[in-house]
Amino acid sequence: QVQLVESGGGLVQAGASLRLSCVGSTGTFSRYFMGWFRQAPGKEREFVASISYGGGTTRYVDSVKGRFTISRDNGKNEVYLQMTSLTPEDTAVYYCAADLWAHLGPSVNPAYWGPGTQVTVSS
């Protein structure tokens with residue numbers, strides 16, 4: 001079991017940058033595939049980005065490629081999502097997620113979720 005808590009969300013203007021953080025509770029954090037999902041109002045939850053346990057492999061949904069960067073610091077039990085050039089279409093609740101067995105992506109349902117953090121981008 002691992003407990004996840006996100007932070008860093010907020011209200012920003014279009015074109016701004018924002019850095020989300022997720023802290024895990026387990027001492028075996030480095031064994032987990034980590035990722036970020038988001039859910040906009042009235043929409044299904046969407047895969048955003050993921051990173052392998054060693055940080056060597058990353059995946060992104062096409063809409064954020066070149067704008068978002070996922071990274072992790074296993075020594076701090078943390079994963080990050082650096083977001084740049086934000087647009088109103090990025091407005092959503094962002095969730096940190098973890099799985100022990102699979103590299104996270106659109107077809108993977110993670111075993112563990114954080115409670116989410118709200119990101120709102122104004123025009």
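The values are calculated or read from the model by the stated rules, or taken from the named source; none is laboratory data. Owing to the predicted nature of the structure, the values given are computational and were not obtained by experimental measurement. Using ideal geometry, Cβ is built from the backbone for each residue, glycine included, and neighbour counts are taken over all protein chains shown. All accessible areas refer to the heavy atoms of the entire protein, side chains included, with ligands and DNA or RNA removed. Shrake-Rupley method; radii C 1.70, N 1.55, O 1.52, S 1.80 Å.
The table below lists the values:
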item: Sites Lys43 and Ser7, calculated FRET efficiency, Cβ-Cβ separation with R0 30 Å, nearest 0.05; result: 0.85
item: Qualifying chymotrypsin sites (Phe, Trp or Tyr not before Pro) for segment 44-123 [loop in DSSP, other Cβ within 10 Å: at most 15]; result: Trp101
item: Selection of trypsin sites (Lys or Arg not before Pro), segment 55-88, meeting DSSP coil and at most 13 other Cβ within 10 Å; result: Lys65
item: Debye equation applied to the C-alpha atoms of the chain, log10 I(q)/I(0) at 0.15, 0.16 Å⁻¹; result: -0.59, -0.68
item: Label-point gap, in nm, between Ala14 and Arg31 - each point 7 angstrom along Cα→Cβ; result: 4.7 nm
item: Per-residue SASA entry for Arg38, accessible area with 1.4 Å probe, Å² rounded to 10; result: 20 Å²
item: Rounded accessible area of Glu78 (nearest 10 Å², 1.4 Å probe); result: 40 Å²
item: Shape of segment 61-123, Cα gyration tensor, a/c cut at 1.5; result: prolate
item: Directionally averaged shadow of segment 1-71, computed from the convex hull of its alpha-carbon atoms, nm²; result: 5.8 nm²
